Amino acid sequence: VQLQAFGGGLVQAGDSLRLSCVTSGPIASNYLMGWFRQAPGKEREFVAVIRWSGSHIDYADSMKGRFTISRDKAKNTVYLQMNSLLPEDTAVYYCAASPLIWGARTQFSHYRYWGQGTLVTVSS
């Protein structure tokens, strides 16, 4: 599985961005598709996850209400809609995929496949 993330950019606080993660082909329904981010000098952190079947979705607490994860099976694409962006959302955002149990959804070390990352910069 190959992943390609894009959609990052420079925006102002309060703006919105939509990130996309395109997969190289069909994804099995049990796969988890996650978004993680890494700010300079910080560890990679969980942002959001969706099971490819669409049956389960979860977000990090600080993203709830602002970010929305979704997927389009026909386009083999996962999206991360980010609204009300804050300067602290500045980071490189990565998409990831793996056949995982739901309990492992927030642990980046368990994901098998990763996209190259896309930079989101939010100015104040």
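When +1 charges are put on Lys and Arg Cβ atoms and -1 charges on Asp and Glu Cβ atoms, the dipole computed for the chain relative to its Cα centre reaches about 360 debye. Taking other residues whose beta carbon is less than 15 angstrom from the beta carbon of Gly103, and scoring Lys, Arg as +1 and Asp, Glu as -1, yields +1. Taking the Cα centre of region 22-86 as origin and assigning +1 to Lys and Arg Cβ atoms and -1 to Asp and Glu Cβ atoms, the resulting dipole is close to 120 debye. Based on Cα contacts under 8 Å between residues 6+ apart, region 14-115 shows a relative contact order of 35 percent. Other residues within the sphere of radius under 12 Å centred on the Cβ of Leu86, judged by their own Cβ, net out at -2 (K and R +1, D and E -1). Rg ratio for region 7-103: its Cα radius of gyration over 2.2 N^0.38 Å, N being its residue count, equals 1.05. Based on protein heavy atoms only, the chain ends up with 49 Å² per residue of surface accessible to a 1.4 Å probe.
Amide H to amide H, with H built 1.01 Å from N, Gly9 comes under 5 Å of Val120, Thr121, counting only residues 5 or more places away or on other chains.
The values are calculated or read from the model by the stated rules, or taken from the named source; none is laboratory data. On a predicted model such as this, the values are computed, not experimentally measured, just so you know. Reconstructed Cβ throughout: ideal geometry from the backbone, glycine too, with neighbour counts over all protein chains shown. Note: areas computed on protein heavy atoms with side chains; ligands, DNA, RNA excluded. Shrake-Rupley method; radii C 1.70, N 1.55, O 1.52, S 1.80 Å.
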